[in-house]
Amino acid sequence: MLHPTSNTFSLLCLSARPVFLSCSMVIVLASASFLGCGADPPYDDADEASSEDLLTTTSASELAKDIYRGALRREGGTTEVSSVASRLVAGTSVETIEREFLASAERVRFEANRDALFRRSCYCHNCEANQISSMYQLGCRYIRWAVFAWIPPMQKDDRPRNANGTKMTYTQALDSKFSNLASVSAASSSTVEFVVPEIVLDEASQITINVNASLRKAASGYAGRGFATIDRIAAGTQTSLAFSYEAIRDPANGDQRWYAAPSGRNSVPSLEKEMGILWQLWLATRGIDAGAKSIHITMTDLRTMKVAAITDFAKALRRVRPSLYIGSETTLSGWMKPHIDFIKAVVDTDRYSVRNGIAVESSGLPCINQKDVNKVGYSTSLGDDLCMISTGAQRNRIYNVWGHGHYNRISYNPAGLPLFLELDGAHYCGNPTSYGHQQQYVYSPNTSGLTNGCLASVRNSLPTTMQFIAAKDTQRRRFVEYAQKTAIHLSANGSVPVYFPAMIDVDQNYMFSVRSQNNSEQMARLKYCPSDSAAARTESAIPAYRARDCGDLSVNGRALGLSRRGMIEDYVRGLYTYLLLRTPTSERVTYWSNQIESSWTPSQVVQQFMNTQEYATIVATHTPEYLVDGLYRGVLGREPTNTTYWAGQIRAGSKTIYSVASDFMYTAEYKTRVEDLDLVKAIH
């Protein structure tokens, strides 16, 4: 057999079970006993190197089409596909060709367009159509978590209800999600993301569907692998499908994975079992048909730990829409880049500490009030009350300790994929006799100690999203800008693009609170946006964070407009405005911005401006106080605080305005500012 990642032929003993392969091909024998094979070995990545059929013209053509859809996000032309297929048959590996495509000008243009889109992303969890048009006007072009098809078991109070108050069936609840997705997608031209949930309920066994064209097309990506039902669906001979919970779920995740008894059985759908694949293809293709242009697969590592299973799912979906963006919550060590557009990482705003020998979220001491911490991002001129930190050597949040892959993706991203940072609303509660994913200590300011009172004080018991919401106006709004600048900084100084979606609408806090303790006191806290004034308070219209209701919409709009180039241009404009006392032309802003991006340091530009005859005239005609104020605003980028002292030094002859400027540029504050703007190459 010819494996597309090698130039050799080999005779294989093949398992009777389907095997996932990076190039979407599998051979399955009903029995391998006649080859003298022993018991089936457990599947591991080594199987990928020895499980491909001899490439025929037909199979090579299908591989070539997948390469075009994945790497270039379009269908390949007849001649293009034929050329690539010929190379595959001749022994060139799939990965070799994909790497060539990734280096092409067409792929570079695609990645630039994708970066521009993701840079203007907004977090709107289970968005509504009436929010979308205003979000587009704000500057949102990519809507993260727009519709998340998470349905609680029938026994839970937060199960969606019909207009008459009765709880929806599983089918009705899913239908309502896709109806909302269609409305949201039609409301603006923003790219809307549909999230395939990591939960399946035992009620799935009650669902029977008619197979439509999109599901059939996606299923064809798995045809010929020994999946009998998939083969019939792909061939068009099976037009309906009855789901089975037992066949969908991954047994390793148990029957009470997300909700404990007496809730109905619930688990995680498998990306390695036929019915699990079909269940998730059905949800994803329904999302595509409803208008989603991006699919996000949550908790991917619970569904499979095989890179090929993830990429095969992506390839199957791109048979329906080649231009589709696809995200995975987990990155694995393997070749995913052509097919997966991004991964997600959760960051904490909380401080890592220990109480009674147990690592806990120190919710009473949020990181927004700490200066000397291990920052994920960088030091900020916005103030000492802002930071995002890593809560451990390899993980971004303290819970989820036992291996769900929540590593610090800033430093651990083996697939080299673009990274979405986000806050999170999830915080699990349970018996505090042990510590782990489902047993979480909660710090309660009400008792000044550890308690297992799940969400006892709602926001103060939760990290991340809830800590952000619990901050007062000024801190909350400054954090929005800080987070966006952090992402820009990390992108410029790292190996992958990093994004932080604007926090427009977040209701994960609502979901998790209602699930635990549904009472009026908590609902009131969930609606509360603290203000700078102790006497004032703002409330959201619903028990969830909405930037509009909390007065945070405009600052999110400004944050969306930030870019590395934009911050450089603002820096240059500030020098013209406060040092030379005039408004620059666009040509001069462009010129000096280009100089900074290519070779000049920020301090060299300041020196150049101050060495002009124009500035000498200003020095001769203005007071020291006026000149010092200009340095504060133009060089340090903030309002003056110590003008009298510096002006006094100049009047006494101890300093000149030039030496004061030099002192300013040697301060940690100035270094921090240019680091924030990603301007530093060498300060002096």
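The values are calculated or read from the model by the stated rules, or taken from the named source; none is laboratory data. Quantities reported herein were computed from a predicted structural model and do not represent experimental measurements. Positions of Cβ are backbone-derived with ideal geometry, glycine not excepted, and every protein chain shown enters the neighbour counts. These area figures cover heavy atoms from the full protein model, side chains too; ligands, DNA and RNA do not enter into them. Shrake-Rupley method; radii C 1.70, N 1.55, O 1.52, S 1.80 Å.
Laid out as a table, the results:
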quantity: Three-way shape label, the range 589-644, alpha-carbon gyration tensor, a/c 1.5; calculated: oblate
quantity: Cα centroid separation, the range 179-224 to the range 51-130 (Å); calculated: 22 Å
quantity: Surface per residue (accessible, 1.4 Å probe) for the range 145-249, Å²; calculated: 37 Å²
quantity: 12 Å beta-carbon shell around Phe500, net charge (K/R +1, D/E -1); calculated: +3
quantity: Two-site label geometry, Met154 and Ala129: point separation in nm, points 7 Å out along Cα→Cβ; calculated: 3.0 nm
quantity: Arg161/Ser531 FRET efficiency (R0 35 Å; Cβ-Cβ; nearest 0.05); calculated: 0.55
quantity: Simple spin-label estimate for Ala228 and Arg582 in nanometres, 7 Å along Cα-Cβ; calculated: 8.4 nm
quantity: Overall Cα dimensions of the range 249-341 - principal axes, largest extent first, Å; calculated: 43, 33, 21
quantity: Protection-proxy order for peptides 172-185, 194-207, 138-151, 575-588, each taking the mean of Cβ atoms within 10 Å per residue, highest first; calculated: 138-151, 194-207, 172-185, 575-588
quantity: Among the listed pairs Lys306/Lys485; Lys167/Lys306; Lys217/Lys306; Lys156/Lys293, those beyond 26 Å (Cα-Cα); calculated: Lys306/Lys485; Lys167/Lys306; Lys156/Lys293
quantity: Inverse of mean 1/r across different Cα pairs in the range 189-335, Kirkwood, Å; calculated: 15.5 Å
quantity: Heavy-atom accessible surface of the range 227-269: percent carbon and sulfur, 1.4 Å; calculated: 55 percent
quantity: Label-point separation in nm, Gln137 to Val108, each point 7 Å along Cα→Cβ; calculated: 3.9 nm
quantity: Distance from the range 647-675 to the range 250-280 (C-alpha centre basis), Å; calculated: 63 Å
quantity: Prolate/oblate/rounded call for the range 104-252, Cα gyration tensor, a/c under 1.5 rounded; calculated: oblate
quantity: Residue-normalised accessible area of the range 575-671, expressed per residue, 1.4 Å probe, Å²; calculated: 51 Å²
quantity: Full-extension gain in nm, Thr623 to Ser654, via 0.36 nm per residue minus C-alpha separation; calculated: 9.6 nm
